[in-house]
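The values are calculated or read from the model by the stated rules, or taken from the named source; none is laboratory data. Computed from a prediction, not measured in an experiment: that's the story for all the values here. Every residue, glycine as well, gets a Cβ built from its backbone with ideal geometry; the counts of neighbours run over all protein chains shown. Ligands, DNA and RNA are stripped out before the accessible areas are found, and what is left, the full protein with its side chains, is counted by its heavy atoms. Shrake-Rupley method; radii C 1.70, N 1.55, O 1.52, S 1.80 Å.
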Amino acid sequence: MFNMKKISLAILLVLHGMFAFAQADTAFSPDWEKKLFNSEFALPILIDAALKNAAELEHADAGKLMALEQKKILKKRFYSGFALTSSYQYGTWNNFGWGGEPVNSFNAFDAPLRANYSVGFNVALPLGELLSRHNTIKQQDLAIAQVEAGRKLTEREIRQRVITMYQSIVLAKSQLELHQQAYQSAVVGNELAEKQFKAGEIMIDVMSTVQQNYTTTAVALESARINYETNLLMMEETIGMSIIDLIQIK
């Protein structure tokens with residue numbers, strides 16, 4: 001009967017420690033963390049920040065600009081076969097038989113000096129390029145459409161990635177809270193066991209088991225903490241800023 005009372009007392013102490021720790025943890029959760037775990041509030045903000053920070057989308061936008069510039073070049077290439085020519089000449093043109101006039105063989109320099117202007121227009125268009133111009137421009141339009149479609153796919157991948165990372169954060173937080181409660185229970189149980197061991201109420205093998213459980217829960221708690229922080233850091237790397245700053249400015 002005495003042993004049952006001791007066991008019941010130990011269970012009550014452990015449960016009390018778990019309940020008190022859980023209440024304290026909820027009461028003192030930072031405001032930003034409460035907002036973070038409201039998915040309807042946080043998830044759209046995280047996705048928007050990730051899209052703005054995505055280097056893949058910047059690359060896609062640059063590719064589209066290049067494709068648009070290439071289309072402009074293709075359209076202007078048609079006019080590369082058109083050319084304007086002009087010339088200016090000054091001299092005694094009739095002495096050189098200009099326009100069918102006879103040359104003055106006695107004195108070739110006694111004719112009046114005259115200025116002559118000429119303007120011309122040349123057209124040289126390769127037939128193959130001319131016939132395929134429409135197809136070339138259409139091909140470039142398809143290239144632009146392909147870049148735009150690729151950008152949409154990238155946006156979808158980023159959204160899915162953020163959703164997966166967010167769920168990992170939620171899971172890591174839940175695991176951390178569970179390990180915190182288990183650790184608090186182990187602390188209470190270890191303190192109670194030490195008192196009982198000093199009073200000679202439990203044997204050394206029981207004390208060893210309690211201490212081993214305490215060590216295991218402490219290691220598990222640290223592992224859960226690191227996992228939670230790692231998931232937060234991975235999200236911050238994706239959005240390009242601190243999660244706390246992002247949540248607090250909204």
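See the values below:
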| quantity | calculated |
| --- | --- |
| Among the residues listed as VAL147, VAL170, VAL210, VAL187, the single one being of a type outside the set (Lys, Arg), open to solvent by less than 70 Å² (accessible area, probe 1.4 Å), part of a helix (DSSP H, G or I) and without any contact (Cβ under 8 Å) to a residue 40 or more places away in the chain | VAL210 |
| Region 216-234 residues that are farther than 27 Å from ILE163 by Cβ and without any contact (Cβ under 8 Å) to a residue 40 or more places away in the chain, paired with ones that are among the aliphatic types (A, V, I, L, M) and open to solvent by less than 80 Å² (accessible area, probe 1.4 Å) (beta carbon under 6 Å, 6 or more apart) | THR217/ALA182; THR217/ALA186 |
| Test: residue in region 16-36 that is hydroxyl-bearing (Ser, Thr, Tyr), farther than 30 Å from GLN139 by Cβ and modelled with pLDDT under 90 | yes |
